[in-house]
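Right, one structure below, let's go through it.
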Amino acid sequence: MSKWLINLCIILVSTLLGLALGEVYLHVNGFSYPSLYVADGVTGHVLRPGAEGWFREEGEAFIKINTDGWRDRPHSKQKPAGTKRIAILADSYAEALQVPQDQAFWSVLEKELNTCHAFGNMRVEVMNFGVSGYGTAQDLLVFQDRVWQYVLDIVILAFTARNDVRDNSKVLSGTLSRPYFVNERGSLVLDNSFTESSSYRLKRSGIWMVVQEASDRFRIVQFLNLVLNRVNQIQQRSFQQSDGVAGLEPGLDDNVYREPAGTEWEEAWRITEDLILNLRNEVVGRGAQYLLVSLFSGIQVHPNSVMRTSFVGKLGASDLFYPERRLQKLGRQEKFDVFALAPQLLEYAEDHQAYLHGFKNTRVGRGHWNKEGHRLAGQLIARNFCSKTV
């Protein structure tokens, strides 16, 4: 046997041994980073039907995606008799990877509505269609493409102002892997050019599907996927900082708390408002009720008033509720209901000195809602219905 062949065998055996040891190490230490998403030609990405695994990056929960591709229990397309169906359109706050499914705000909402008999003798079924990274454009598209296949009575747009406005702007977002709507001569026009990118084509290829299947079986592949995602997040954060749109927290934007500072932000808000109205028209046109619920960020309900005041001062804003006022004004003008959570939950956070965001394995006061944040959000939304019991 030639020397180069011997060296090649040594390298190959060493590599395989290293991978095997790495796999054992990751298993023993409980590492889990499931591959939860697949590329999609309509919304950019969707949840993988049947995907499951432990999520421990922020909080801890065992995640299981149902066969239709939602983080929820299975639901039939046809509505059972005697049932009032409520759909939640949202992003990562509804996807809620950070907490067990029964602690997510939509699970709490369903339980509370059935307890207070908000719709008389009808059983309430709340359905979660939240997917991480979705902006209002994707909420509209997924509603048109998939959500309305289910028979619905009420559709709640759970709006996250601190990233949805930016995510609806191709200029501000810096992400090329999603669809956008652009304003042309007063009308919204879909830009789905992301489907032409090499990244999208790769993620739709057979090779990528093989990698995802391998990820279901091997922790070492999950680890490599984690590294790649970290690199992408760093690049995205670098773009935001270079464009002066970085927020206090990665992935969030502080500029949304003040009057639009330039044409790019005003355009982002206009597109967002048009998308909200287009979704309203789609929902009402199909005979369902439409409700916009404005969610809350960590700084809006931070129990430390000194920190909030300092943040507002540095930002040059009057307070942290500009998005809520703007959305409520839109609702009054266009005659649809807007329910804002932040002002009411700030009072609770101050009175109880409670952090509604963050976990033991992250920083409190930032990130996604913890169990308490989800509980309060679900109860507060339910109260909005229960007080109008029919």
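The values are calculated or read from the model by the stated rules, or taken from the named source; none is laboratory data. Because the structure is a prediction, the values reported are computed rather than measured. Note: ideal-geometry Cβ built from the backbone for every residue, glycine included; neighbour counts use all protein chains shown.
Points to keep in mind about this one:
- For the residues V142, V151, V124, the requirement of being surrounded by fewer than 18 Cβ atoms within 10 Å (Cβ to Cβ) and touching a residue at least 40 places away in the same chain (Cβ under 8 Å) singles out V151.
- Applying the condition of being assigned to a loop (DSSP other than H, G, I, E, B) and touching a Leu at 6+ places or on another chain (Cβ under 7 Å) to region 350-379 and asking which residue is nearest to A161 (Cα to Cα) yields L356.
- Residues satisfying the stated conditions in region 154-189, i.e. free of Cβ contacts under 8 Å to residues at least 40 places away in the same chain and either surrounded by fewer than 20 Cβ atoms within 10 Å (Cβ to Cβ) or polar (S, T, N, Q) (or both): S173, L176, E184, R185, G186, S187, V189
- Among all positions in region 73-83, there is no residue which is at pLDDT 75 or above, under 16 Å from the mean Cα position of the chain (by Cα) and of a type outside the set (F, W, Y).
- Hey, R71 buried (at least 20 other Cβ atoms within 10 Å of the Cβ), basic (K, R), at negative phi and in a loop (DSSP other than H, G, I, E, B) or not: yes
- Among residues of region 122-157 being out of contact with any Pro (no Cβ under 9 Å at 6 or more places or on another chain) and among the acidic types (D, E), the one that is nearest to A96 (Cα to Cα) is D139.
- Within region 77-90, the residues that satisfy the criterion of being farther than 20 Å from Y37 by Cβ, in a loop (DSSP other than H, G, I, E, B) and touching a residue at least 12 places away in the same chain (Cβ under 8 Å) are K77, Q78, K79, P80, G82.
- Residue count, region 143-186 (criterion: among the β-branched types (V, I, T) and in a strand (DSSP E or B)): 4
- Condition met for F181 (within 22 Å of Q101 (Cβ to Cβ) and modelled with pLDDT of 90 or more): no
- Among (1) out of contact with any Leu (no Cβ under 9 Å at 6 or more places or on another chain); (2) assigned to a helix (DSSP H, G or I); (3) modelled with pLDDT under 95, the one test that S318 misses: (2)
- Residue count for region 105-121, restricted to those that are outside any helix (DSSP H, G or I) and either without any contact (Cβ under 8 Å) to a residue 40 or more places away in the chain or within 19 Å of R73 (Cβ to Cβ) (or both): 1
- Restricting attention to region 59-68, the residues being in a loop (DSSP other than H, G, I, E, B), over 16 Å from the mean Cα position of the chain (by Cα) and more than 15 Å from F129 (Cβ to Cβ) number 1.
- Residue count for region 39-58 satisfying the condition of being crowded, with 17+ Cβ neighbours inside 10 Å and either hydrophobic (A, V, I, L, M, F, W, C) or in a strand (DSSP E or B) (or both): 9.
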